[in-house]
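The values are calculated or read from the model by the stated rules, or taken from the named source; none is laboratory data. A quick note: this is a predicted structure, and the numbers were derived from the prediction, not measured. Heads up, the Cβs are rebuilt from the backbone with ideal geometry, glycines too, and the neighbour counts pull from every protein chain shown.
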Amino acid sequence: MMARHVSPSISLLIFFLWLPELLLAANTTSTPQPGFQGIPWGSALAELSQLVLVEPDGRVDIFEYQEGPPQFANEPVESIKFYAIDAKFARVMIRYRTEETHNRIKEALESEFGKIQHSPGSMIRGLNQEYSWRLEETEIGLSYRGLGERGLLMIQSRILAPRFLDLLSDHTH
């Protein structure tokens with residue numbers, strides 16, 4: 001039996017026909033669902049048994065975990081608050097203290113979302129530090145103030161979070 005020679009152009013054609021399927025297969029296994037700790041953006045937080053409504057407002061409702069001291073990245077934190085605007089999950093705010101906790105949270109975020117993206121004017125050392133990650137559907141901002149050792153992590157939906165700004169502009173008129 002004689003081996004058949006496949007031309008390079010046919011090989012390239014086959015490769016490019018299969019490329020989209022290979023990329024989709026790779027993306028479906030490695031890309032987590034946008035949201036926070038398994039709660040997708042846009043979810044109705046009032047329907048989740050692990051959360052309790054702590055600040056009802058109508059347009060913006062704030063929820064917290066119902067049980068246990070809050071933790072993020074295996075570190076105890078002061079608070080984890082879930083924000084829903086118009087009954088849709090849009091933002092998480094995590095407050096914490098100590099430089100050690102800050103460093104562990106920063107390492108966990110870099111491990112999951114990649115190297116820190118520095119925005120113009122951001123600080124990576126000193127008393128005030130700012131870090132950010134901008135993903136397809138999620139935006140993450142990490143701020144740390146050395147004086148008082150206080151940190152704030154905000155994870156939000158890039159689609160729903162702008163509604164908070166609309167709400168602020170409604171109250172200024």
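Would you mention how many residues in the range 49-74 are touching a residue at least 24 places away in the same chain (Cβ under 8 Å), assigned to a strand (DSSP E or B) and among the hydrophobic types (A, V, I, L, M, F, W, C)?
Within the range 49-74, residues that are touching a residue at least 24 places away in the same chain (Cβ under 8 Å), assigned to a strand (DSSP E or B) and among the hydrophobic types (A, V, I, L, M, F, W, C) number 4.
Does residue 67 fit the bill of being charged (D, E, K, R) and modelled with pLDDT of 95 or more?
No.
Is it the case, given these coordinates, that residue 123 is closer than 23 Å to residue 148 by Cα, modelled with pLDDT under 95 and not polar (S, T, N, Q)?
yes
May I ask you to list pairs of residues, at least six apart or on different chains, whose Cβ atoms are under 9 Å apart, with the first in the range 84-97 being touching a residue at least 12 places away in the same chain (Cβ under 8 Å) and the second being of a type in the set (Phe, Trp, Tyr) and not in a strand (DSSP E or B)?
From residues that are touching a residue at least 12 places away in the same chain (Cβ under 8 Å), the pairs are 85/164; 88/41; 89/41; 90/41; 90/164; 91/164.
Please determine, by comparing only the residues of the range 39-55 that are under 12 Å from residue 65 (Cβ atoms) and under 17 Å from the mean Cα position of the chain (by Cα), which one is surrounded by the most Cβ atoms within 10 Å (Cβ to Cβ).
The qualifying residue surrounded by the most Cβ atoms within 10 Å (Cβ to Cβ) is 45.
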